[in-house]
Every structure is written in C-alpha cells, then in structure tokens.
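The values are calculated or read from the model by the stated rules, or taken from the named source; none is laboratory data. These figures come from a predicted structure and were not determined experimentally. Here the Cβ positions follow ideal geometry from the backbone for every residue, glycine too, while neighbour counts run over all protein chains shown. Heavy atoms of the whole protein, side chains included, go into the accessibility calculation; ligands, DNA and RNA do not. Shrake-Rupley method; radii C 1.70, N 1.55, O 1.52, S 1.80 Å.
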Amino acid sequence: MSRVFYLIMSVLLVLGLSMSATAKSKAKSDLSSELSETLGDIKWGDSKKDVLAKLKKSEMDKLRKDESIKRDMLLLQKERKALLDRLATAEKSYTRLEGRTGYEVSVVADEFTTNNGESFLLVKDKVAQRFYFFIDGKFYKLVVGYNPSYMQSVGFESLVGSTVNKYGRPTVAEYEEIGGKEQLALVQWEDPETVMAVKNKKELFDTYTMVFSDRQALRRLEASNRKFGGGDKSEEEVSAAVQALTEAGDYEANANVLDSLVGSTDVNLNEGRPQDDKVRKYTDEGAVAAAPEKKEKKKAKKKKAKKKKTKKGPDFKDLATGASDDLIIY
C-alpha cells in the first residue's frame, strides 16, 4: 500500500509541476498578445498602405457587427460614409517629418527625430488622437494622445492604475519634478514584442499619452547607434520651445500647417493645432492669457534638467484599487 501511495503522490506532483509550467507559459504568451492587442490586425513593420487597409477593414467589421445600427440600412450607410471620410482624412494627414512641421511643440514633440526617414498618420476617435509612426517606411510606434477634455478630471495615478488592471504589473517607473513637486512621470511595460509606456504630459500639454513601440525595431536602431524617435531631444528642450513660442507669439511659420485637418481657431497662437497640442499660458490669477502681439524674439531661458528617479518593478496595488472602470485604456 505504501508503495502505491508514494507512486500516486509522485504522479500527482509531476502533473502539478507540468500544469504550473504550462500556466506560466500561457500567462507569458497572453501578456505578449495583450500589449499589442490595441494594434488589431496591424503588425509591426507594416507599410503605410497596409496600416490604412487594415484600419479600414477592422472599422468596417465593427460597423457590420454593431447591433444598434446593422438593422437600420440608412443609419448603416450614414455611419459607413462618416467612417470613409475619417479614413480619407487620416490618409491626407500623412506627414513626413522633415524641416519645420508644426509638431515640434506638440504632444508628440519628443517622439520623433526630424530629417531621419520618419513619418506618421493621424487617426482621431472620440477620446484621443492616434499617431501611427513609421521609420524608413515601416510602422514601429503608436502614440495615443488623450484629448485634454477627456482627461480633465483624471489624475495620472488613476490612469496608471487602470492600465495596471488591464496589463498587469509594470517593469519600470520614473518620478520627476512636475508642478514643483516629485510626481510619477512615466510607467513602462515590456514583453518580447512590445514596449508600452504611459507618460505624464500634464504640465506642458494638459494630457497624457500611451506609447506602444516595436521592441525588436528599437533594439536594431539602438545597435546601429542611430538617433531616432525623439531620442535626440530632452524634455527641457521641448519645454523651452513651448515657452519661447508662448512668449514670442511667433506662429506664422506653421500657422496653417494643420488647417486641413482641424480647421482654424480664433486664438492666433493656437491656429490650426489639434486640441491636445494647443499651447496654454496661465497668468498668476489662473486665467488663460491671450497671445501677445509679435515682438522681438526673446531668448528662451535655459531650464535645468529635471532629476529623474527610476524604480524597477514597482508595486502599484494601491493605484490599481483606485482605478476607474469607465476609463478607456488602449
């Protein structure tokens, strides 16, 4: 009996270890797919043509499956036309990042390197703008810039907590001085295929971004010692550029660059800029100051580089419990 008992226990132990290993392998595989799931059918390395075609197919599929409209042919046709218009606008938005583009002082200012074979497509939805970035014609990064109005009452930690609930524990967190005090500035997740970071851009652009990048492409580019994706820019440089633009009110050079996408505005400083890219200048009383008339340009004051503290494998259990279930996480 004792031999039979030990034999049964040995078999159960082996089965238990095997199931545990399978579960761990499955969890790792699931994480890999989750980080890239926001891409849908789009794959890293796709061309601009491929990205547009896959976006059209996926959005059309969503329309056909939408129970609220698929039985109403008139409504379906209306929604289909609106979708085709949005996709046509997205195709026209294609921008080669060469010379001055107007995006040097935008929410994606630190996401690209000028004159480096980089470009992007801009796709808008109800809560954000999605920038599909290409390098040498291949898709390698997606930047989601939330609309400031959508994030108006949402703290960065709440966004991070909601992201933790979707993607699990992050690998790295950075803290820096924001608004005069040390705050969470960047949180990053990684798997074999994708690097995803949530960035706090509240101080300059009153919003946050989620950045998904092709991990293998990043490794190849870094190994070639090539500057790319804004790696040659510092946050202080972007901040100084925004400050200089605000103080000088000199926006004529790029005033109409984005008019075809978003139309014009009444405030000259923000003419033709996407909503989350608009520059804000606050007075001591907190009111938004109007753009000053053109004066002789002032030299932007050099800001001291912000000190960053990096923590690997941080614990965000407290943040996750305070997350919002209604918040859209890409």
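If you take just the strands (runs of 3 or more DSSP E) that sit entirely in the range 145-238, which of them hold at least 3 residues that are among the β-branched types (V, I, T)? Here the list reads 194-201, 207-214. Residue under question is R219, and the condition is that it be at pLDDT 95 or above, within 26 Å of Y132 (Cβ to Cβ), surrounded by fewer than 21 Cβ atoms within 10 Å (Cβ to Cβ) and out of contact with any Phe, Trp or Tyr (no Cβ under 6 Å at 6 or more places or on another chain); does it hold? Criteria met by R219. Checking each residue in the range 123-157 for being surrounded by fewer than 17 Cβ atoms within 10 Å (Cβ to Cβ), among the small types (G, A, S) and either under 18 Å from G45 (Cα atoms) or touching a residue at least 12 places away in the same chain (Cβ under 8 Å) (or both) picks out G137, S149.
Counting residues in the range 205-213 that are farther than 25 Å from N115 by Cα and open to solvent by 20 Å² or more (accessible area, probe 1.4 Å) gives one or more.
Only residues that are among the small types (G, A, S) and either outside any loop (DSSP other than H, G, I, E, B) or under 15 Å from F134 (Cα atoms) (or both) were counted across the range 67-119, and they come to 7. Scanning the range 120-143 for residues that are farther than 16 Å from D214 by Cβ and in a loop (DSSP other than H, G, I, E, B) gives D125, K126, V127.
Residue count for the range 45-64 satisfying the condition of being open to solvent by 100 Å² or more (accessible area, probe 1.4 Å) and either outside any helix (DSSP H, G or I) or within 30 Å of E193 (Cα to Cα) (or both): 3.
As a summary of the residue check, I69 satisfies the conditions (1) open to solvent by 30 Å² or more (accessible area, probe 1.4 Å); (2) in contact with a helix residue (DSSP H, G or I) (Cβ under 7 Å, 6 or more places away or on another chain) except for the one numbered (1).
The set of residues from the range 166-185 being surrounded by fewer than 16 Cβ atoms within 10 Å (Cβ to Cβ) and over 19 Å from the mean Cα position of the chain (by Cα) comprises E177, G179, G180, K181, E182.
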